[in-house]
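Enquirer: Structure in structure tokens, see below.
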Amino acid sequence: MKEYYIGVDIGGTWIRIAIATRDGSIIEKTVKKTPREGDRYTIANLIIETIKTSLNKYVESVKAIGIGTAGPMDLALGAVINAPNIPIRTFELAKPIQDVLKKSVIMANDCVTAVWGEKTFGLGKKYENVVYITISTGIGGGIIVNDLLLLGKMGNAHEIGHMVVDVSGKMRCGCGGYGHWEAYASGANIPKYASLLLEMWSLSDVEKESQIYKAYRDNTLSSELIYSIAKEGDKLALRIINEINKYNIAGFENVVNLYDPEIVIVGGSVALKNKELVIDRIREGLKKSPGIVTSLPRIEPTVFEDDIVLMGAIALAAYPPQNLVKALKYLQTL
């Protein structure tokens, strides 16, 4: 009998669910809107129902289910706790799914899941020291040091988006803290930071004619608009992006110095849709940085694009890291 594995990616906007073989080949994939409201079981129930309906013909042959979700989380309980970028901020996840489907559920933060996917199936295969960074709705990371997946006491040893990059604390993060990297350079917060800059700056008459300034005045400023107009050469948009990239470069400097990676793999919609304005600028900034205390790693975009967390979830299910399994106390109830 053929063996199958289910991967689940839970984000602030979409939940992606896929059935795959042990080598990471996706057979079928389905996408659902992340519920905007509900109780602590709403998300788990949606995943159970989707698996039962869309993937029912495979369920009997499924060996395990892997889940990557935005956090923070309590790994021992298999729960998400006060996630800033998911509408239902606190919810139970792994155990309800495991109890109903009678399959082992291996769960981790989405970026931890992604770095395990890169290590198992992607650009991280030949390296022992791998970092994955997403610049998307939020900013997050997953870290492998000397082939060990870093977890921490509750599974939150990777929350790099909440490192302080501005001690003046001009911007407040979705978590409630001030000065966090995510507050300046994530998709959800770029319009807020851009608006602050436009309030602070003395603008020329030419800059006031920019579509960016008009959107700011109309309260319609978005990350997508800023980057798309920047690609057309708009000077005000490029000026804003230069400020955002100061924090991106600072974040990457911290990560490189903290974890000494051989490769940093970058994902997330903000980075992947704007590689020249984000990833290339980070590479340039790190090369010029006098504060890197180790040799520079490779910095590459993920080849899995939107499926990176799905690939990681499949990797968790098919090749679960043993320190993660040990942390998932709810597995003992299966």
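Enquirer: Cβ-Cβ under 8 Å, sequence separation 6+ or interchain: first residue in segment 85-96 and touching a residue at least 60 places away in the same chain (Cβ under 8 Å) and farther than 18 Å from residue 111 by Cα, partner polar (S, T, N, Q) and part of a helix (DSSP H, G or I). Which pairs?
Expert: 95/333
Enquirer: Answer yes or no: is there a residue in segment 110-127 that is among the β-branched types (Val, Ile, Thr), in contact with a Gly (Cβ under 9 Å, 6 or more places away or on another chain), more than 19 Å from residue 153 (Cα to Cα) and surrounded by fewer than 18 Cβ atoms within 10 Å (Cβ to Cβ).
Expert: no
Enquirer: If you don't mind, another one. Please find, within segment 285-306, the residue that is surrounded by the fewest Cβ atoms within 10 Å (Cβ to Cβ) out of those that are part of a helix (DSSP H, G or I) and modelled with pLDDT under 95.
Expert: Of segment 285-306, the ones part of a helix (DSSP H, G or I) are 285-288, 305-306.
Among the residues that remain, those that are also modelled with pLDDT under 95 are: 305-306.
Values: 305: 12, 306: 16.
In this case the residue turns out to be 305.
Enquirer: Of all residues in segment 2-22, which are at pLDDT below 95 and outside any strand (DSSP E or B)?
Expert: 2, 3, 11, 12, 13
Enquirer: Moving to a separate point now. Which condition number does residue 100 fail, the rest of (1) in a strand (DSSP E or B); (2) touching a helix residue (DSSP H, G or I) at 6+ places or on another chain (Cβ under 7 Å); (3) farther than 25 Å from residue 159 by Cα being met?
Expert: The single condition residue 100 does not satisfy is (1).
Enquirer: Another one. Would you point out which residue out of 196, 221 is in a helix (DSSP H, G or I) and more than 20 Å from the chain's Cα centre (by Cα)?
Expert: 196
Enquirer: Okay, moving on. Say we look at segment 199-218 and pick out the residues that are among the hydroxyl-bearing types (Ser, Thr, Tyr) and either over 30 Å from the mean Cα position of the chain (by Cα) or not assigned by TED's automatic domain parsing to the domain that holds residue 141 (or both); which of these is nearest to residue 70 (Cα to Cα)? Step through it out loud before you land on a result.
Expert: Kept after step one, since they are among the hydroxyl-bearing types (Ser, Thr, Tyr), are these residues of segment 199-218: 202, 204, 210, 213, 216.
With either over 30 Å from the mean Cα position of the chain (by Cα) or not assigned by TED's automatic domain parsing to the domain that holds residue 141 (or both) added as a condition, the list becomes 202, 204, 210.
Numbers: 202: 38, 204: 41, 210: 35 Å.
Out of the qualifying residues, it is 210.
The values are calculated or read from the model by the stated rules, or taken from the named source; none is laboratory data. All of these numbers come straight from a predicted model, not from anything done at the bench. Note that each Cβ is placed from the backbone with ideal geometry, even for glycine, and that neighbours are counted across all protein chains shown.
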